[in-house]
Amino acid sequence: MAESDGGEAPSPSPSSGARAGGGASPEPRPPRPQLTKSRTISGFAAASIWAADRGGGGGGGGGVRDSILVRRSSTAPLPPPPASAAGASPAPRRLTVAVDDPSYAAPNGGVLDRDWCYPSFLGPHASRPRPPRQQQTPTSADRPSANPTAPPRVVAVSQREEEKSLASVVKRPALLEERRPLPLPPPLPPPRAPRFDLSPYLPLLLVVTFTSCTLAIWQWVKVMGLQEKIRSCSDGTAGNREGTEKVSWIDRDHGSAFINSGNWNLAPSSTIFALAVPLFLFKYIDQLRRRQTNSMRARGSEEEVPLKKRIAYKVDVFFSGHPYAKLLALLLATIILIASGGIALYVVSGSGFLEALWLSWTFVADSGNHADQVGLGPRIVSVSISSGGMLVFATMLGLVSDAISEKVDSWRKGKSEVIEINHILILGWSDKLGSLLKQLAIANKSIGGGVVVVLAERDKEEMEMDIAKLEFDFMGTSVICRSGSPLILADLKKVSVSKARAIIVLASDENADQSDARALRVVLSLTGVKEGLRGHVVVEMSDLDNEPLVKLVGGELIETVVAHDVIGRLMIQCALQPGLAQIWEDILGFENAEFYIKRWPELDGMRFGDVLISFPDAVPCGVKVASKSGKILMNPDDEYVLREGDEVLVIAEDDDTYAPAPIPEVNKGFLPNIPTPPKYPEKILFCGWRRDIHDMIMVLEAFLAPGSELWMFNEVPEKEREIKLTDGGLDICGLTNIKLVHKEGNAVIRRHLENLPLETFDSILILADESVEDSIVHSDSRSLATLLLIRDIQSKRLPSKELKSPHRYNGFCHSSWIREMQHASDKSIIISEILDSRTRNLVSVSKISDYVLSNELVSMALAMVAEDKQINRVLEELFAEEGNEMCIRSAEFYLYEQEELSFFDIMVRAREREEIVIGYRLANTDQAIINPEHKFEIRKWSLDDVFVVISKGD
């Protein structure tokens, strides 16, 4: 067995141990169950010690000793056996072996002074003390314990047991090959931080200390010498003339000059400063040592950064984090330049210290002042100070120029704060912004104009240029643009969001889900404003399914307008009642008549039937009931009595253009007994696919009569249509009034359209297709092409008698194809969904479509709700499938042919049908008149005239 002093010798391999013990390697046999750690190690240790004590007698013993896999941990000889009584057999030798953790084992008199299982590759192990050997007795701890945290087991082995263990080992050499695997090495300790190297700073500290002490001693010696010389001269020659002259000379040259120049007061200060410099330097070095030690401990093995880069980084961080760092640095550099220049001038010239400081400042402020200096030293110092002054003032001019440029850029880029109250704030940018600003300007015209602030993630100059291209007179309303994100609270505070009377959140140009998700984040940002919001928030939504979530987050301050849903419902209403779109445009826009809600105390206690004819310049439509938490009651009964707190909903020109008047006398007459005509089945065509087409089908199901057909012509495969409709919430099997007919094709290809019976449809709706709805230009181009193709095909299939007239081309020969399309509109109604107002103007001029709906109607609705959020309840009821709706009725329902009546008379007659007449359109005109003037005027009516009414739904 090999022995080691400082380290451990490597153990022989199992194969070599087997050859030493038995000569030849044993034959392979099945693996035996692993012995417990305590028994195996105890047997091996006992055997090794027994063999070492006897010198390994016999070849077998040598083989066993060579095959033992336990290392000697000490070179000391085994202690002699304890003495026994005379004639008695020697006491059995006992050995205490620590099995699991040698640190808990009792010392063995130098036998095991190291851990037997300590890995050799970790270096030497510290020896344990060797107290006198003590007799160990077996205890209950010798038994195996299942608890891994229990103290290690200590085994007492007698000499006889050692022999038995050795015999068993000799009989079974294969067991000797089984070696207990060494335990995993403990984790390496973390590397120590390198010590602070003081050698570069020690010479500097010694030099500074020596220089400071020398300067302090020299200052004090000089002062004390001057004081002693002045005192001795003044005392020794008090009465002598020569002595007096000598004293005067000394006082003049040494005393007066020294005191008057400031050195007398400067000497103690300079002495204290000289003595304090080494202390501060030592403190700085000590602090630097601590910081470097901590930094090196933190960095560990990180790559060392050069000092130049670290200094540059620290300077960059300092100047970036402090807004006034540049000015402070410039001020400090100026002070240092003036102070160092003053000291230098004081040394090289004979002037006083304060005078030298003043000269140094003049040289810094004006580089030409040093021209009067005399002498080489003063000139060199003055030129140096002037050069530094030029650098300082150049830096100052650069900082001032940068500050001015930054301020101008902030004004140009819209980074300055808006200080406004009761303004309207628009968050976002879209194509509806132009028409929205126009409607808000018209609404503020009565008050002399207002302030509209636009916050969008665009450059301020670009926004202003786009608004200027509108070429619209804002009539006193000022538009302020700011660049920023509505998702950042700092940008919201920059536009005084808490002081705005209304906030409009526009939908973005992304797809519906992304746009609504962004609107939701904007609403969350608005709810996080600490100052709170004074006004309400109007949010433009793109998908009706996302509306409840936004209302849940925003609460009572949120009013939502679903643009896609509004256009879809308007298209259906206009397809069923031609001419209704123009009426909606008049009511939603601020150019004509619109809805207003106002409190009139003089009307309390009056019936609604009398209130209806009490406003000569307005048309009452409903009541805001105070007792029902402000619920708006549209088209109430005539017997409803207004109570205290109730407000009246009217259609008027402006909020200050109407007032109640005494009740006039009306000629009610007799209402013609004409029943409401029943609904007949209709045949409608949808060209295109909208993402909310399932909602439009549900609206049609509520409006149409049983037996109606809805043809759906688009590029979506028929198999996918039912899946999309079902996912949208439509119960196809539950449709009772309409029947779906699916046709697949492209609406801009003529041969596909010719396969459809276009001459048989009552209404055709050209939808903005889902595939191109993100691009307004492409969507409008597609809708316009589809409209022209359909009208051309209809004109060929539905010839008009007027086309045979020889006068059909008079004055219009170059546009005869447009006239043919106009005649085709007599048989069919086409409603086109046009998003751009410019395209809308082009199509409406040609009159080949009954009406064109655009985003302008949505902008009108947003502006109206922004002015008064209560109007949103009115619009929701009028757009809904149930409740009150806006209709166009023939005059035969209210009067007889050539009957002379006033507008008030017709309003009173319509109350018998539970309707409110709000306007009319004469037979020979194309424009309807809402809230007409001169309601008392009696005129002759025709049965071809039509009236616009608000009627209760069926």
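The values are calculated or read from the model by the stated rules, or taken from the named source; none is laboratory data. The shown structure was predicted, so the numbers you read here are calculated from the model rather than taken from an experiment. Virtual Cβ from ideal backbone geometry, glycine too; neighbours counted across all protein chains shown. Quick note on the areas: whole protein, heavy atoms, side chains included, nothing else; ligands and nucleic acids left out. Shrake-Rupley method; radii C 1.70, N 1.55, O 1.52, S 1.80 Å.
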Please determine, by comparing only the residues of the range 683-742 that are among the hydroxyl-bearing types (Ser, Thr, Tyr) and not in a helix (DSSP H, G or I), which one is surrounded by the fewest Cβ atoms within 10 Å (Cβ to Cβ).
Thr736
Could you tell me whether any residue of the range 908-928 is buried (at least 20 other Cβ atoms within 10 Å of the Cβ) and acidic (Asp, Glu)?
yes
Verdict on Gly555 being free of Cβ contacts under 8 Å to residues at least 60 places away in the same chain, at positive phi and either charged (D, E, K, R) or not in a helix (DSSP H, G or I) (or both):
no
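Looking at the range 618-644 only, could you name the residues that are part of a loop (DSSP other than H, G, I, E, B) and surrounded by 16 or more Cβ atoms within 10 Å (Cβ to Cβ)?
Restricting attention to the range 618-644, the residues satisfying the condition of being part of a loop (DSSP other than H, G, I, E, B) are 629-630, 635-640, 642-644.
Within the range 618-644, Asn635, Pro636, Tyr640, Leu642 qualify.
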Among the residues of the range 414-461, which ones are assigned to a loop (DSSP other than H, G, I, E, B), open to solvent by 20 Å² or more (accessible area, probe 1.4 Å) and under 23 Å from Leu853 (Cβ atoms)?
Trp429, Asp431, Lys432
Only one of these conditions is not met by Val381: (1) β-branched (Val, Ile, Thr); (2) closer than 27 Å to Asp402 by Cβ; (3) surrounded by 18 or more Cβ atoms within 10 Å (Cβ to Cβ). Which number is it?
(2)
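Can Val505 be described as free of Cβ contacts under 8 Å to residues at least 40 places away in the same chain and open to solvent by less than 20 Å² (accessible area, probe 1.4 Å)? Lay out the reasoning, then the answer.
Numbers: free of Cβ contacts under 8 Å to residues at least 40 places away in the same chain: no; open to solvent by less than 20 Å² (accessible area, probe 1.4 Å): yes.
The answer is no for Val505.
Restricting to the range 341-367, and then to whatever is of a type in the set (Gly, Ala, Ser) and without any contact (Cβ under 8 Å) to a residue 12 or more places away in the chain, can you tell me which residue is surrounded by the fewest Cβ atoms within 10 Å (Cβ to Cβ)?
The first filter runs over the range 341-367 and keeps only residues of a type in the set (Gly, Ala, Ser), leaving 341-342, 344, 349-352, 356, 360, 365, 367.
Add one more test, that the residue is without any contact (Cβ under 8 Å) to a residue 12 or more places away in the chain, and what stays is 350-351.
Details: Gly350: 11, Ser351: 16.
Here the answer is Gly350.
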State all residues of the range 507-549 that are outside any loop (DSSP other than H, G, I, E, B), among the small types (Gly, Ala, Ser) and within 16 Å of Ala456 (Cα to Cα); if no residue qualifies, say none.
Ser515, Ala519, Ser525
Please enumerate the residues belonging to the range 778-813 that are outside any helix (DSSP H, G or I), at pLDDT below 50 and open to solvent by 80 Å² or more (accessible area, probe 1.4 Å).
Pro806, His807, Tyr809, Asn810
Are any residues in the range 664-682 over 16 Å from Ile572 (Cα atoms) and surrounded by 14 or more Cβ atoms within 10 Å (Cβ to Cβ), and if so, which ones?
Val666, Gly669, Leu671, Pro672
Could you please find all residues in the range 565-581 being closer than 11 Å to Leu857 by Cβ and over 40 Å from the mean Cα position of the chain (by Cα)?
Cys574, Ala581
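Out of the residues in the range 824-860 meeting the condition of being of a type in the set (D, E, K, R) and under 19 Å from Ile583 (Cβ atoms), tell me which one is modelled with the lowest pLDDT. Steps first, please.
Within the range 824-860, the subset of a type in the set (D, E, K, R) is 826-827, 833, 836, 838, 840, 847, 850, 856.
Keeping just the survivors that are under 19 Å from Ile583 (Cβ atoms) gives 833, 840, 847, 850, 856.
Numbers: Glu833: 84, Arg840: 69, Lys847: 60, Asp850: 63, Glu856: 84.
Out of the qualifying residues, it is Lys847.
Within the range 542-566, work out how many residues are among the aliphatic types (A, V, I, L, M) and open to solvent by 20 Å² or more (accessible area, probe 1.4 Å). Talk me through it step by step, then tell me what you get.
So the first thing to find is which residues in the range 542-566 are among the aliphatic types (A, V, I, L, M), and the list is 544, 549-550, 552-553, 557-558, 561-563, 566.
Subset that is open to solvent by 20 Å² or more (accessible area, probe 1.4 Å): 544, 549, 552-553, 557.
Of the residues in that region, 5 qualify.
May I ask you to verify whether Val858 is farther than 21 Å from Ile831 by Cα, within 49 Å of the chain's Cα centre (by Cα) and of a type in the set (Val, Ile, Thr)? Step through it out loud before you land on a result.
Values: farther than 21 Å from Ile831 by Cα: no; within 49 Å of the chain's Cα centre (by Cα): yes; of a type in the set (Val, Ile, Thr): yes.
Taking the combined requirement at face value, the residue does not satisfy it.
Residue by residue, here is whether (1) at pLDDT below 90; (2) within 50 Å of the chain's Cα centre (by Cα) holds:
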position	(1), (2)
Val874	no, yes
Leu878	yes, yes
Phe904	no, no
Met907	no, no
Glu915	no, no
Ile918	no, yes
Lys952	yes, yes
Please give the number of the condition Arg569 fails out of (1) open to solvent by 10 Å² or more (accessible area, probe 1.4 Å); (2) touching a Gly at 6+ places or on another chain (Cβ under 8 Å).
(2)
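Can you say whether Ile447 is aliphatic (A, V, I, L, M) and modelled with pLDDT under 90, as far as the supplied structure shows? Quick ask: steps written out before the conclusion?
Numbers: aliphatic (A, V, I, L, M): yes; modelled with pLDDT under 90: yes.
Answer is yes for this residue.
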